[in-house]
Amino acid sequence: MKKINILKHLHTVNKHRFYVFIYCVKAGIPFRGLVHDLSKYSPEEFISSCKYFSGKLSPIVMEKKDIGYSKAWLHHKGRNKHHWEYWYDEFAPEKSPIIPYKYAVEMVCDGLAASKVYNGKNWNKDLQLKYWLKTKPSRKINLKIEQFLEEVFTLCANDGIYKTLQRKKLKKLYDKHVNIAENNTEV
Ligand SMILES: [Zn+2]
């Protein structure tokens with residue numbers, strides 16, 4: 001394993017966590033921003049991500065190409081509730097349960113931060129919505145959460161990230177898609 005890859009991977013993780021933290025503070029969930037993706041520093045994730053660091057594709061993709069699956073990803077998704085894969089269970093009566101508010105908002109911040117870092121100079125505010133729409137068919141997220149995420153990303157594309165990531169606004173949107181919708185079906 002090259003020493004330079006250790007530094008480069010560390011830099012990627014820190015940079016991503018920095019943007020997630022800024023967005024989480026804006027969104028009113030600072031603690032989630034602070035602890036976001038901490039499992040990436042665990043040996044199970046850190047060592048394999050350094051080994052498969054390429055600078056272009058994510059180490060997870062590289063590990064999957066090499067051995068057919070990614071140990072780092074399996075470790076990560078099993079511990080991080082901001083990933084829909086954490087919640088998904090093919091054999092449960094409720095395959096994709098509703099993701100609680102703080103993790104759903106952390107998911108928003110994660111997506112926006114990844115888009116920002118990944119696209120670098122070419123970044124603009126509607127890229128996350130485009131990426132979301134393109135990858136939506138392959139995700140197995142609870143429909144209400146999916147609608148919440150889509151409306152938030154659409155607002156980000158129209159009004160910008162900082163106007164959208166406001167605690168009251170996000171809470172209202174979540175209630176509209178999840179809580180209020182939930183109550184209506186009970187009546
Ligand atoms: Zn994560």
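Numbers at a glance
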quantity	calculated
The lone exception for Lys125 - which of (1) open to solvent by 70 Å² or more (accessible area, probe 1.4 Å); (2) at pLDDT 95 or above; (3) under 20 Å from Arg17 (Cα atoms) it fails	(2)
Condition broken by Lys140, with the remaining ones in (1) part of a helix (DSSP H, G or I); (2) touching a residue at least 40 places away in the same chain (Cβ under 8 Å) satisfied	(1)
Qualifying helices (runs of 4 or more DSSP H) (wholly inside segment 2-96; at least 2 residues being open to solvent by 80 Å² or more (accessible area, probe 1.4 Å))	3-27, 30-35, 43-51, 59-67, 71-77
Residue in segment 116-128 that is closer than 20 Å to Leu165 by Cβ, charged (D, E, K, R) and within 14 Å of the chain's Cα centre (by Cα) present	yes
Residue list for segment 43-86, restricted to those being of a type in the set (Asp, Glu) and touching a His at 6+ places or on another chain (Cβ under 6 Å)	Glu44, Glu45
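Table: residues versus (1) modelled with pLDDT of 95 or more; (2) surrounded by fewer than 14 Cβ atoms within 10 Å (Cβ to Cβ); (3) among the hydroxyl-bearing types (Ser, Thr, Tyr); (4) within 15 Å of the ligand (Cβ to nearest atom).
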site: Cys109; (1), (2), (3), (4): yes, no, no, yes
site: Ala113; (1), (2), (3), (4): yes, no, no, yes
site: Asn119; (1), (2), (3), (4): no, yes, no, no
site: Lys130; (1), (2), (3), (4): yes, yes, no, no
site: Asn142; (1), (2), (3), (4): yes, no, no, no
site: Phe148; (1), (2), (3), (4): yes, no, no, no
site: Thr164; (1), (2), (3), (4): yes, no, yes, no
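The values are calculated or read from the model by the stated rules, or taken from the named source; none is laboratory data. Everything numeric here is computed off the predicted structure, so don't read it as measured data. Using ideal geometry, Cβ is built from the backbone for each residue, glycine included, and neighbour counts are taken over all protein chains shown. In case anyone asks, the SASA skips ligands and DNA or RNA and just uses the protein heavy atoms, side chains included. Shrake-Rupley method; radii C 1.70, N 1.55, O 1.52, S 1.80 Å.
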